[in-house]
Amino acid sequence: MATLLARNGTCLTIRPLTSADFGALIDFHAALSVSTRSLFWPHAYDEPTLTRYAQRHAEGQDRIHLLCTPAAVVGYFFLWEFDHPVPLLGLGLADAWQGQGLGAAMLQHLIAEARAARRDGIELTTVTTNTRAFRLYTRAGFVRIGDVENLAGDGRIVREHRLFLALAPDARPPVRDFKPPV
Ligand SMILES: CC(C)(COP(=O)(O)OP(=O)(O)OC[C@H]1O[C@@H](n2cnc3c(N)ncnc32)[C@H](O)[C@@H]1OP(=O)(O)O)[C@@H](O)C(=O)NCCC(=O)NCCS
């Protein structure tokens, strides 16, 4: 089983999204502070939506991971459109688990998965005021290539920076709409 180590010494496990964890994932989202939720609300958290995401993971269309303690989901991270040349990355941590080096570890986990699957690159978007996330991404090699209007999980249209990490020579970001696949 894959694990990540927090700076406080806690070992957290990585699990794929399945129906067994829908309740814990809904609780994760519900417990986020208003400020974290304004930065990370990738999709709706109702059961039909989560069922579609679990199916997409099972069928290889997305890679969707939960970061867990024995009691709770504390992180959520994914590569949407994993079956495309350039998947779309997202990640977020529960407030109490931010600042523990886990963001970088989740990011490296996703980059390694995309590399292993020989993807051309990875894209992501981040709210323009999210300096912490922006630094995390640029330190990992992502480059800002513009700004886009992104459809958030609560229906808001949010202006976000668009970042790209090339994994193959001559990789190019695709033309796409910035909205959740479900
Ligand atoms: C963004 C996020 C994934 C980063 O993960 P994390 O484990 O908390 O990362 P850290 O707190 O270790 O910070 C990463 C770096 O940013 C720096 N940083 C921390 N707070 C910062 C701030 N307020 N402004 C600028 N940089 C900051 C840290 O110095 C750290 O660098 P270091 O590793 O050299 O010390 C996590 O904080 C999170 O989930 N935030 C809320 C949701 C979110 O923003 N998701 C991303 C959506 S695009």
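The numbers here are math on the coordinates, done by the rules we state, and not lab data. Note that this is a predicted model, so its numbers are computed, not measured. Neighbour counts run over all protein chains shown; Cβ positions are idealised from the backbone, glycine included.
Before anything else, pin down the relative contact order of the chain: Cα pairs under 8 Å, at least 6 apart, normalised by residue count, whole percent.
Working: 304 pairs, mean separation 35.2, N = 182.
Across the chain, relative contact order equals 19 percent.
Give me the extension gain from SER35 to ALA96: residue separation times 0.36 nm, minus the current Cα-Cα distance, reported in nm with one decimal. Write down the numbers at each step before the final one.
Values: separation 61, 0.36 × 61 = 21.96 nm, distance 1.29 nm.
Length gained between SER35 and ALA96: 20.7 nm.
Could you work out how far helix 22-31 tilts from the main Cα principal axis of the chain, as a 0 to 90 degree angle to the nearest 10?
So the inclination is approximately 80 degrees.
Nearest 0.05, what FRET efficiency do ALA44 and MET1 give at R0 = 25 Å with Cβ-Cβ as r? Let's see the in-between values first.
Values: r = 29 Å, r/R0 = 1.15.
After rounding, the FRET efficiency stands at 0.30.
Give or take rounding to whole Å, what are the principal axis extents of the alpha carbon atoms in the chain, in descending order?
Rounded to whole Å, the extents work out to 44, 34, 34 Å.
Specify the residue with the greatest mean-square fluctuation among LEU39, LEU67, LEU110, computed from a Gaussian network of the chain linking alpha-carbon atoms under 10 Å apart.
LEU39
Decide, for segment 1-72, between rounded, prolate and oblate: order the square roots of the alpha carbon gyration tensor eigenvalues as a ≥ b ≥ c, take rounded if a/c falls under 1.5, and otherwise choose prolate if a/b is larger than b/c, else oblate.
Working: a/c = 1.89, a/b = 1.17, b/c = 1.62.
Verdict is oblate for segment 1-72.
So, in Å, what gap is there between the alpha-carbon centers of segment 89-107 and segment 30-49?
15 Å
Please compute the modelled spin-label separation between ALA112 and THR138, points set 7 Å along Cα→Cβ, answer in nm with one decimal.
Placing both labels 7 Å beyond Cα along the Cβ direction yields 2.7 nm.
Pop out the ³J(HN,Hα) list for segment 52-65 in order, Karplus 6.51 cos²θ - 1.76 cosθ + 1.60 with θ = phi - 60°, rounded to Hz; leave Gly and Pro as x.
Per residue, the Karplus-derived 3J(HN,Hα) values read 5, 5, 4, 5, 4, 5, 4, 8, x, 6, 10, 10, 10, 10 Hz.
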